[in-house]
Amino acid sequence: MRALGWLFFLLFLLYLLLPMLAPVVYSFSRLWLGVLPEGFTLEGYARILRDPEYLEAALLSLRIALLAVLLNVLVGVPTAYVAHLWAGRGGEGLRRLLQVLPLLVPPLVVGLGFLLAFNRPPLALSGTLWIVVLGHAALGFPFFFRTVYAGLAGLEVRLLMEAAQASGAGLGARLRYVLLPNLLPAVLSGALVAFAISMGEFEVTSMVAGFGTITLPLLLFQSLREDFRSASAVASALLYVTLLALVGLTLLRRR
């Protein structure tokens, strides 16, 4: 019975990993016609490094991701702090709403919502870079919020702030020198998750981006019809970003 359980576990693990590993294997393979690939090549990676279109898309994706993370930090940290302070006065409901509701709404619905909400003055952002940033920030917010809230829950926030206040520190000093340094690992962890989500986001971007806004996932989709090997290399690069984010999260949690 135990052997059967291990067999099901390994099959399920293979089921989860195979779709992620297949593009990586194909990106390094010279030929893949049978069950196993044949040969080794870096041609797919060489193509995307030589093509300025891929570089421009990568830089644009990086810029959007950094702006989305910055927006999450500016909005998410105060929101998580307020929800934590109000935990016994309705804050728990606010926390659950902010964590769960955005995850239940399909990204296509989010994209359509942003397209309709920001399509008219004075919020006519449709087709601009900023509507893409807002969409990416909205998708990454529940993950960032959850991480920061968990960091606050692990701290004795009230005791720390009261002790600093008793020492004569003002509100600004308490936030800057007491709360934020202790909360920094959680903020960085949430920022890494939000960054990885933004770098690989496709659905919202495809709905709200203008014709000149071609991110790496959009370019990957366009490349599928012309150059499958380069598309596999781009997909692998996005997977590497996610893996680096996971490594960063692991290192931060060990501190």
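Data for the structure
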quantity	calculated
Residue, surrounded by the fewest Cβ atoms within 10 Å (Cβ to Cβ), within segment 31-48, restricted to residues that are small (Gly, Ala, Ser) and modelled with pLDDT under 80	Gly34
Leading residue by the ranking (surrounded by the fewest Cβ atoms within 10 Å (Cβ to Cβ)) among those in segment 57-116 that are closer than 24 Å to Leu184 by Cβ and polar (S, T, N, Q)	Gln99
Residue within segment 138-146 that is within 19 Å of Thr213 (Cα to Cα) and either modelled with pLDDT of 90 or more or part of a helix (DSSP H, G or I) (or both) present	yes
Conditions (1) touching a Gly at 6+ places or on another chain (Cβ under 8 Å); (2) surrounded by 20 or more Cβ atoms within 10 Å (Cβ to Cβ); (3) at pLDDT 85 or above; number of the one not met by Ala209	(3)
Some residue of segment 183-196 being more than 18 Å from Leu66 (Cα to Cα) and part of a helix (DSSP H, G or I)	yes
Any pair with Cβ under 6 angstrom, 6 or more apart, that starts in segment 1-30 at a residue that is modelled with pLDDT under 80 and ends at one that is surrounded by fewer than 13 Cβ atoms within 10 Å (Cβ to Cβ) and small (Gly, Ala, Ser)	Arg30/Gly39
Any chance Ile197 is among the β-branched types (Val, Ile, Thr) and touching an Asp or Glu at 6+ places or on another chain (Cβ under 8 Å)	no
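The values are calculated or read from the model by the stated rules, or taken from the named source; none is laboratory data. Everything numeric here is computed off the predicted structure, so don't read it as measured data. Here Cβ is always computed from backbone atoms with ideal geometry, including for glycine, and neighbour counts include all displayed protein chains.
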